[in-house]
1. So, A:Ile182, is that one of a type outside the set (Phe, Trp, Tyr), over 20 Å from A:Thr78 (Cα atoms), buried (at least 16 other Cβ atoms within 10 Å of the Cβ) and more than 22 Å from the chain's Cα centre (by Cα) or not?
2. Go through (1) surrounded by fewer than 21 Cβ atoms within 10 Å (Cβ to Cβ); (2) touching a helix residue (DSSP H, G or I) at 6+ places or on another chain (Cβ under 6 Å); (3) closer than 22 Å to A:Leu87 by Cα and name the single condition A:Phe228 misses.
3. For the stretch A:158-209, what are the residues that are of a type in the set (D, E, K, R), farther than 24 Å from B:Gly262 by Cα and out of contact with any helix residue (DSSP H, G or I) (no Cβ under 8 Å at 6 or more places or on another chain)?
4. Looking only at helices (runs of 4 or more DSSP H) that fall completely inside the stretch C:153-217, which ones have 1 or more residues that are surrounded by fewer than 17 Cβ atoms within 10 Å (Cβ to Cβ) and touching a residue at least 40 places away in the same chain (Cβ under 8 Å)?
5. Of the residues that make up the stretch B:133-153, is at least one within 30 Å of C:Val73 (Cβ to Cβ), more than 25 Å from the chain's Cα centre (by Cα) and assigned by TED's automatic domain parsing to the domain that holds B:Tyr110?
6. Go through the stretch C:58-108 and give me each residue that's without any contact (Cβ under 8 Å) to a residue 40 or more places away in the chain and of a type in the set (Val, Ile, Thr).
7. Looking for something within 14 Å of chain C (Cβ to nearest Cβ) and touching a residue at least 60 places away in the same chain (Cβ under 8 Å) - is there at least one such residue anywhere in the stretch A:130-149?
8. Quick one: A:Asn263 ticks every box in (1) surrounded by fewer than 19 Cβ atoms within 10 Å (Cβ to Cβ); (2) under 24 Å from the mean Cα position of the chain (by Cα) except a single one, so which number is it?
Amino acid sequence: MYKKKYYGLKFVVPAFILYTVLYIIPTIAGMIISFTDWNITRPGVHFVGIQNYINIFQSKGGPYLASISHTFEFTIITVILKTLLGLGLALLLNKGLKSRFVFRTIFFLPYALAPLIIGISFVSVLKPDGPFNTLLTAIGLERLTHSWLTEASTALGSTMAVEIWRMAGWNMMILLAGLQMIPEEYYEAASIDGATAGQKFRKITLPFLRPSLTTVIVLNTIHGLRVFDIIYSLTGGGPGGLTEVINTQVFKEFGLGRYGMANALNVVIFIITVVIALSMQKALRGKESNE
Amino acid sequence: MNNVRTLKKIKRTVHFLFVSVCSFLILLPIYFIVINSLKTVEESRTLSFAFPEVFQWGNYTEVIKAASLVRAFGNSMLMAGVSVIICIVTGAMASYVLSRRQTKLYKALYIYFFLGLIAPVNYVTTLFTLKFLHLQNTYVGIILEFGTLGIPFLVFLYYGFYESIPRELDEAAVIDGCTPAQLFFKVIFPLLKPATITGLVLNFLGAWNDFVTPLYLLSDNKKLGMTNSIYNFFGEHFNDWNMIFADIVLTVLPILILYLIGQKYIVSGTAGAVKG
Amino acid sequence: MNNKKIAAMTIAAAMAASLLGANAVYAAGETITIAAGAGWVKDIDKELAAKYEEESGNTIEWQVSPDDQYENVLGSKLAVGEGADIFYTRSGITMNKYQPDKYMMDLSDQEWVSHYVDWAKEGTSYDGKVLQFQTWSVDGWGILYNKDIFEEAGITEVPTNFETFKDACEKVKAIGKTPIYESGAAQWHLGVWLSGMTTQTEADTPGFYAGLNDNSQTLAGQDGLAKALDQMVELNDAGYFGDDFMANTWEDAPGKMASGDYAMCVTYTTFPAEVEAINPEMTVDKFGMFPLPLNDNTTFGVSAGGIGRCVNKDTKVADAVYDYLNFLARPENLTAYYEARLDLGPCSLNDIPGNVPAAYEDVMSRSSVSGLSAEDGILYWDNTQVGNLMQGMFVAGSTGADVLQGIDDLRQPSFG
């Protein structure tokens with residue numbers, strides 16, 4: 001049995017030490033703080049049990065429950081669209097076009113911009129008299145113009161659109177890496193057998209792509225539940241709290257010095273995400289081994 | 001025969017046109033940033049798509065000086081560069097054995113790392129920890145922190161890719177007499193170039209664009225990187241849109257170059273990957 | 001590559017990094033660290049600091065953060081014991097948010113304290129002790145109006161109550177201009193309206209702020225404030241904010257006022273100088289200012305003097321810090337500072353006058369009384385959060401009373 005020797009724990013040790021000291025310990029410390037009333041504007045820290053959690057589920061001290069529901073809305077829609085668009089782009093740019101490298105770079109570009117920069121820029125682009133509406137008017141779609149980030153009906157949707165704009169290329173990139181690990185011989189063999197493009201996609205591409213699809217779906221979900229920068233810089237949670245998500249609440253609680261509550265919110269989003277992400281992983285990865 | 005060729009040509013043209021239209025949606029806002037970086041302050045105030053009267057290339061030299069970008073660039077390269085090596089090496093090693101050994105302990109360890117993708121970074125307690133280690137406000141501290149923050153993602157990313165490398169390959173190498181380190185670094189790791197380049201680019205970018213972590217862990221402005229310099233610049237010159245956009249372009253440029261270089265390797269690394 | 005090589009590489013890289021990090025060790029004098037929001041540190045601050053470094057041999061190390069992150073970063077660093085030697089905060093009640101007894105040095109016996117003008121001394125004091133060195137200026141938010149547009153619209157009397165204010169807006173609208181530029185996308189700017197209105201409540205019922213600050217008083221039930229908020233909706237419904245005012249940004253405000261398309265704007269008294277800088281024809285004397293006329297208000301809400309520097313109680317270089325502050329307090333340096341800061345009004349210290357803007361004298365002469373606005377008078381008041389709630393009145397149909405209740409709900413947990 002070579003496994004013990006060749007796949008030994010010592011390979012895990014460097015990552016484990018770094019990760020435990022600089023990540024797990026601070027995180028656990030944060031979780032402990034969530035059971036206190038630590039507020040940096042007042043001296044003294046007291047243990048308050050689950051009081052912060054009770055306040056969250058009664059929305060006492062902030063629009064916590066509304067934020068949780070906005071976060072879910074944001075996550076579900078962005079995960080679906082990011083993954084589909086990313087897959088579409090990856091398939092379009094995997095091979096065939098000579099200029100595919102240029103296009104890949106273009107689609108990846110938004111991800112290279114820091115989210116806050118994207119926020120700053122899109123606030124201008126999406127203004128009522130901004131370039132986006134100008135463009136719509138120019139191509140005869142004037143009735144579709146909106147004050148995108150400040151109307152109740154479009155604010156949250158616009159933040160989602162910007163997030164999808166930013167991340168579609170990232171999805172493409174990971175899926176491309178997956179596509180490129182599919183041996184060309186499989187397609188050649190299938191062609192000889194007279195398989196159609198659809199059959200090749202179902203029988204070769206999808207099964208091979210499943211690990212990378214799992215990766216992007218799970219990561220998209222996590223990113224969605226943890227969304228902050230984009231919303232913060234586009235709307236600041238406004239107008240009137242309509243785009244408030246959990247992490248904008250965390251930021252505000254930190255700003256108010258209410259560390260106990262800020263950490264409790266962090267724990268809530270953490271638990272929600274762990275449950276969802278692990279069950280998704282299990283469902284998606286589980287299927288692979290059945291192949 | 002001719003018909004088939006024409007059909008192929010049409011298909012390719014449609015393909016090209018479709019992708020072009022899509023990329024237009026991406027390029028429009030980018031164009032917006034670039035064109036506004038080349039205007040005078042007055043022109044940039046309207047934030048339009050219009051061309052500037054005269055291209056103000058001087059904006060770039062001015063912003064490099066005003067925001068001390070040369071130093072910031074060096075800082076960013078140091079922090080993002082070293083941290084990415086740390087997390088790629090440690091992450092790839094850990095992920096490898098975790099994916100190969102499917103015992104309870106290893107599965108639990110995998111989940112332990114996976115949690116890092118989810119739990120938000122707690123800056124206050126992290127600062128406490130670094131202070132305890134006497135690493136607050138040092139390059140070493142921030143590099144180790146950036147490295148650590150990248151580990152969960154890399155473990156996760158590699159995990160999926162290792163599964164697509166047949167175990168028979170490992171066995172063959174073992175029979176050939178490879179040591180564990182040789183097996184990993186000489187046989188397995190090179191096969192994962194697409195994943196490694198992907199992880200490298202994404203983590204480098206993550207560290208490059210992360211401006212909140214340095215705010216808490218590095219105090220001294222002289223040690224801050226390019227992204228932080230933008231935000232400070234934005235705070236001090238919040239009406240000089242031309243300068244802000246020039247600053248943005250300069251910050252994104254190195255990332256793009258890295259991506260372009262990376263792409264070349266992704267492709268060359270693919271050839272014959274799994275054939276072994 | 002084997003394990004050892006990897007380890008060696010990592011260590012080498014770490015060593016290279018630490019070498020780079022250790023370059024400041026050989027400075028001759030002390031190093032003074034200063035933490036501030038980016039918008040508070042101007043070129044002149046850096047220039048004076050450089051001049052001080054040259055003169056004293058000490059080193060100034062800036063720790064500047066983006067404005068919207070600064071409070072969070074400051075709070076965290078103080079909590080961890082990593083606070084800078086000097087840190088900026090707003091003067092007034094905001095100082096209470098950073099445990100003054102624990103983190104702020106008593107500066108009462110410094111020489112420059114005797115030069116403070118009254119509002120500066122009051123704004124930087126806590127519990128009878130002076131805790132800040134402030135070189136800023138007292139200012140408030142009123143309604144700036146364009147005199148030419150008022151004349152063109154046939155408005156002969158400057159509005160003194162809500163009725164006459166509405167009349168004026170109607171007349172401006174009638175000549176095809178937008179009555180008010182309101183940057184509704186900047187939540188804090190909406191908050192400024194209400195922050196100025198609480199001055200009226202405090203004037204009518206003295207002790208209102210004190211009650212809010214010891215948590216024996218609520219904002220809910222203050223009919224005057226609720227009415228003022230509802231009147232803002234009325235203004236918007238009448239179209240006086242123009243189309244889509246919720247998308248207006250504050251950064252655009254000087255340009256919009258310079259364009260001559262807008263008659264009024266809620267702003268501070270040094271604002272006309274910024275407008276003139278954009279459009280030289282739109283000179284400072286073309287503007288006047290009057291107090292917010294909502295709920296027939298005639299009071300003028302002012303700041304506690306702006307931004308001040310606190311000295312960290314745990315600083316190890318106290319003497320150098322005092323030396324630096326004394327350097328900044330020298331008349332020639334103050335003069336240089338205020339000459340560069342045209343955005344500031346009257347000077348905090350009586351050695352030099354500062355730049356008292358015409359709009360300031362104008363609005364003061366039209367006010368019955370001036371007093372602290374909510375931002376500097378009410379503990380745990382946050383204009384951004386207040387503005388976020390106020391946006392709800394315009395997009396989600398909430399009422400003024402809902403907003404007041406919402407602010408109470410936000411503040412409550414902070415009292416523990």
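The values are calculated or read from the model by the stated rules, or taken from the named source; none is laboratory data. All of these numbers come straight from a predicted model, not from anything done at the bench. As a convention, Cβ positions derive from the backbone with ideal geometry for all residues, glycine included, and neighbour counts pool all protein chains shown.
1. Answer is yes for this residue.
2. All conditions pass for A:Phe228, except number (3).
3. Of everything in the stretch A:158-209, those that are of a type in the set (D, E, K, R), farther than 24 Å from B:Gly262 by Cα and out of contact with any helix residue (DSSP H, G or I) (no Cβ under 8 Å at 6 or more places or on another chain) turn out to be A:Glu185, A:Glu188, A:Asp193, A:Arg202.
4. C:162-174
5. Yes, the stretch B:133-153 contains a residue that is within 30 Å of C:Val73 (Cβ to Cβ), more than 25 Å from the chain's Cα centre (by Cα) and assigned by TED's automatic domain parsing to the domain that holds B:Tyr110.
6. Residues satisfying the conditions are C:Thr59, C:Val64, C:Val73, C:Val80.
7. yes
8. Only one criterion in (1) surrounded by fewer than 19 Cβ atoms within 10 Å (Cβ to Cβ); (2) under 24 Å from the mean Cα position of the chain (by Cα) is unmet by A:Asn263, namely (1).
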